[in-house]
Each structure stands twice: as C-alpha cells, then as structure tokens.
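To start, the structure under review is shown below, and the notes come after it.
The values are calculated or read from the model by the stated rules, or taken from the named source; none is laboratory data. Owing to the predicted nature of the structure, the values given are computational and were not obtained by experimental measurement. Glycine also receives a Cβ, built like all others from the backbone with ideal geometry; neighbour counts cover every protein chain displayed. Side chains included, ligands, DNA and RNA excluded: accessible areas come from the protein's heavy atoms. Shrake-Rupley method; radii C 1.70, N 1.55, O 1.52, S 1.80 Å.
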Amino acid sequence: MADKSSEIKRRPETLAVHAGGLQQPVFGEVSPPIFQTSTFTFPDAEIGAARFTGAQPGYVYTRMGNPTVQALEEAVAVLEDGHWGVATASGMAAISAVLFGLLATEDLVLAGDCLYGPSYTVIARELPRFGIRSRFVDTSDLNALAQALAQRPKLLFLETPTNPTLQITDLAAAARLAHDHGSLLVVDNTFATPYCQQPLVHQADIVVHSLTKALNGHSDVIGGVIVGRDPAWHRQIKRFVTLTGGVMDPHQAWLILRGVRTLALRLERAQANALALANFLAQHPKVAWVIYPGSPDHPQHQIARQQMHGFGFMISFGLTSGRPGALALLNNLKLINLAVSLGGVESLIQHPASMTHAGVPAPERERLGITEDMIRFSVGCEAVADLEADLAQALAGC
Ligand SMILES: *Cc1c(COP(=O)(O)O)cnc(C)c1O
C-alpha cells in the first residue's frame, strides 16, 4: 500500500481527507476514479502468468482486487493504524469472513453477550452447524472474561461500546487476557469508528466495521471491511473473501470513500450534539435514565476516557412512562427519523425491544439491560437546537 503519511505525522482529520488513493494516479486526479471493470488485460502472456502466481503486482479480475476498492481498504487501514484492509459487500460479510475464514471444526469462539443481532445469530446458530462451539460473556466484566478465556477459545469477538446498552470493555485489558490464553481479539468497531477509537493500538488483532454506518455516513450504501496488522491474517482472510465472493463493488467503494472524507467533520458535530442532548435528556423530568459514554455517571466512563478519543454519537435512554411512553415519543417526533441503522448525517431513533432486538428472547433482553422502555438514538449533524426542540415537543406528549 502506498503510504503518503510516512513523511510527516498526520492527524486523524487530515488522514480522513487524504488517506487511500491510487498507487499510480492516472491524470493527477484528486478523487480516485471508479474502475468499473470486471477484468484487466495483461500486457503479455508472461506477465499474465506472473500476476496469477503473485510474482508480479497488477490486477487480474475484480473479485480478486480492484484499484478503487483498494483505495478504500487503504484509507480505513490507515485510519485504524492497521497495515491492511479487506473490503466486503456488507458488515455481516466482513464479520462472517473473519469467523468462517479463521475458525475450524472443534474451535471455540468466545463472544461478548451484547452484540449486533445478526453477529450473535451467526455465532450462536450458524457456526455450530460446522462443529464450531460458541460461548458468550459480559466482556466489560474482566473477571468473568478471564474465567471464560480459561477454556482457551481460538477467538474472542466483542463490541465496545455495545449495541444498544453502550457498555465499555477495557480493550487493552481484554487484549492482554486474550493473548495470555492464546486467543485472538477481534473487535467490531462500528459504533466508535476509528476517529473515536483504534482497537489495534490497544493490541486487538483484527477490527471489523459495518461501513454502512458512520464511515460512509449518508445512509445510502451497504459495505464492510476487515483491518489488521499481521500479514498472516491478511492472507487467510483475503483468500477466504476472494474465494467465497462476498467482495465489495468498485462503485460502492467509491461512494464510501467519499463519505470517509468528511468523517472527522461529521463526527465532531454528531458527538457534540450527542453530549448536549444526553445532558438535556438527563435533566428532563419525563426521562428516567440516560446512557452515554461521555457522561461522567456512565459506569465505565473512566475506561471510555482512556481508550476513546471521543464518545461517539449513540445515546440510549428510557422514560418514566415506560414502554408506552417510549412508543409515544417515537410517534410524536417530527424531525428525527424513526428508523433503524445509525451513523448517518440524519438523526435516527428506534425502540430496540420491539425492533433491532425483537429477536432476542425477552428474559435475555432483561438480563442484558435491553429494557422495554429503552430508546436508541443515533444523533446526526442537524442543528442541536432543532433536535432539542423536537425532543422537547415529543416528550411533552409522553
Ligand atoms: C450494522 C452493523 C453490523 C452489520 O453491518 P451490515 O453492513 O448491515 O451488514 C455489524 N455490527 C454492528 C455493530 C452494526 O451496527
């Protein structure tokens, strides 16, 4: 990968704007072209053969590699302080590639007990069909984590902050514990983005993202990526994605790279809005509780301060009027969109117990803290006064 950042230290805002270009610009273009081609001609038969063996660099066929897709892979790898990236058709394709690409029959995978729903289902239901065992643990509890790791899983998979409970796991401690037990640490960094948190810097081995969310940021494309440092994992994952075909398309990559360019601007605004709205909600008489990693009363606020550069754009909260109040609030809003997904420039709000987490059995939801009154709020880039006014008018009728 071309590394334009090696000469001077570049800050994350600058990297978001510049990281990831073509290795060889064609006409000095500022924005990398969309190489909308499925295949690439070879200058001669010998070079064609050498490209196939890998003896010579160069493109062969877009499922195996494409310059526009590679520009995005490089951008996210640089932002995560990684050495390589593999882009995929969706976030779930990235997560599946790590799990199915690295695990084998009889391996054990240990996962956080509060995960994005389909990640939980793949680990709990799909992997066992191939003889891969799975266990779940609250990774924010380091004693429980150490105990679970004693079974020596091949891989530990976690999210921090978690969805939708926004619990924080100490990444450096989790990495140390995982490595002490011979396990790899894989982190789904979708909620934080590399702008707020870089798990590889805390010694995680592999990071996955749903690029659909804040990295793209415009609620208009699906995509995923896997990032790491160790070339051995790159070879294994790249091989798996190329063979099984869950690759990213060049047009998809171009759109997402365009979104990455404004990552810092969008996140600065969204997280400033989130902090202000978390404070507004905490003081509102109809709001029973608020969870936001940036609030000093968040149970793991100190860990969040240590390992995050910013506290992100996600807030969860509940109303004194419980589930009926939560549903009334969603129906009363006039500006904030009632929709699942997150990380777009527009604010999105939803009710996890009946929407994103409806598939989790009710007793398990209660145990995880996904209560009936919980509202999950992805704060966007609108004027904060407009968002506050919308919440205020909606709360008045709850
Ligand atoms: C959305 C999401 C995913 C899945 O991503 P898709 O792009 O929808 O496949 C995985 N993990 C987290 C935390 C997510 O929010």
(request) Take the residues in the stretch 67-109 that are part of a loop (DSSP other than H, G, I, E, B) and not hydrophobic (A, V, I, L, M, F, W, C), then tell me which one is nearest to the ligand (Cβ to nearest atom). (result) Ser90
(request) Identify the residue in the stretch 114-130 that is without any contact (Cβ under 8 Å) to a residue 60 or more places away in the chain and open to solvent by 30 Å² or more (accessible area, probe 1.4 Å) and, among all such residues, is nearest to Asp170 (Cα to Cα). (result) Pro118
(message) So for the stretch 239-261 (the condition being away from the ligand (no atom under 16 Å from the Cβ), surrounded by fewer than 24 Cβ atoms within 10 Å (Cβ to Cβ) and within 30 Å of Asp390 (Cβ to Cβ)), does at least one residue qualify?
(response) yes
(message) If I go through the stretch 75-89 residue by residue, how many of them are open to solvent by 20 Å² or more (accessible area, probe 1.4 Å) and hydroxyl-bearing (Ser, Thr, Tyr)?
(response) 0
(request) Having 2 or more residues that are open to solvent by 20 Å² or more (accessible area, probe 1.4 Å) is the bar; report the strands (runs of 3 or more DSSP E) wholly within the stretch 263-378 that clear it. (result) 287-291
(request) Mind listing whichever residues of the stretch 217-238 are within 16 Å of the ligand (Cβ to nearest atom), assigned to a loop (DSSP other than H, G, I, E, B) and in contact (Cβ under 8 Å) with a residue 60 or more places away in the chain? (result) Gly217, His218, Ser219, Ile222, Gly223
(request) Please specify each residue of the stretch 117-162 satisfying the condition of being of a type in the set (Val, Ile, Thr) and part of a helix (DSSP H, G or I). (result) Thr121, Val122, Ile123
(request) Just give me the residues in the stretch 163-199 being open to solvent by 10 Å² or more (accessible area, probe 1.4 Å), within 14 Å of the ligand (Cβ to nearest atom), under 17 Å from His209 (Cα atoms) and assigned to a loop (DSSP other than H, G, I, E, B), in sequence order. (result) Thr190, Phe191
(request) Inspect the stretch 90-106 for any residue being of a type outside the set (Val, Ile, Thr), open to solvent by less than 50 Å² (accessible area, probe 1.4 Å) and more than 30 Å from Ala146 (Cβ to Cβ) and give the result as yes or no. (result) yes
(message) I'd like to know if the stretch 51-63 contains one or more residues that are open to solvent by less than 70 Å² (accessible area, probe 1.4 Å) and part of a helix (DSSP H, G or I).
(response) yes
